[in-house]
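Comments concern the structure below.
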Amino acid sequence: MIIVRWIVGFFKTIVNLWGWYEWFYYTKTGFDPKAAAHQRWECFVKAADKVPETEAERLLPTKNHWLILRDKFMQTPDEVVFYSTDRERLEVLKEEYEREMRTRTAGDFYYKMIKSRNLDFIHGYKLLSEEPLVEGLEIDAEQEREKFLR
């Protein structure tokens, strides 16, 4: 059966119906690579109490949060994508994964977000409360005049 999937997928790739990612995905799983990714996967957040290590954590306990990717067809085990004690950072990542699931095909999502995952953008993430608010600039009469003359 794998040989038949390989030949069919290779033919569709040669005539440009599928990309190489879709062909590899179809050969490995046997599922249609052009189906929407949200039909195959779902992500959810799991929370559990963190074991206190310091006196401050005993007074104000924290929680561990995991972002887990679940296969709806139960062909693969649940996969932990990211874990942290920062709930907001995890919510940003969850929104990103949900957006990618809505906009990508299953084959493309598998190779871009599961197999060759890159979470570098989450390390540069800043909380909204850390960024200073930017107000509109006040323009004096001379700058307004120059803007009008342009």
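The values are calculated or read from the model by the stated rules, or taken from the named source; none is laboratory data. This one's a predicted model, so the numbers in the text were calculated from it and none came from an experiment. Backbone-built Cβ (ideal geometry, glycine too); neighbour counts: all protein chains shown. Ligands, DNA and RNA are excluded from the accessible area calculation, which covers all protein heavy atoms including side chains. Shrake-Rupley method; radii C 1.70, N 1.55, O 1.52, S 1.80 Å.
What share of Cα pairs, in percent, lie more than 17 angstrom apart in segment 16-60?
59
To the nearest 10, the accessible area of residue 80 is 70 Å² with a 1.4 Å probe. Under a 5 Å amide H cut-off, with hydrogens placed 1.01 Å from N, residue 104 pairs with 37 among residues at least 5 apart or on other chains.
Taking amide H positions as modeled 1.01 Å from N, with prolines and chain starts lacking one, the residues under 5 Å from residue 82 and 5 or more places away or on another chain are 67. Each residue of segment 116-122 was assigned a 3J(HN,Hα) from its phi angle through the Karplus expression (A = 6.51, B = -1.76, C = 1.60, θ = phi - 60°), giving 10, 5, 9, 10, 4, 5, 6 Hz with x at Gly and Pro.
Report the far tail of the P(r) of segment 36-82, meaning the percent of Cα-Cα pairs longer than 16 Å.
52
For a 20 Å ceiling on Cα separation, which of these pairs sit above it: 63/94; 72/115; 28/94? Over 20 Å apart, Cα to Cα: 28/94. Computed packing ranks the peptides 50-63, 28-41 as 28-41, 50-63, most packed first, by mean other Cβ atoms within 10 Å.
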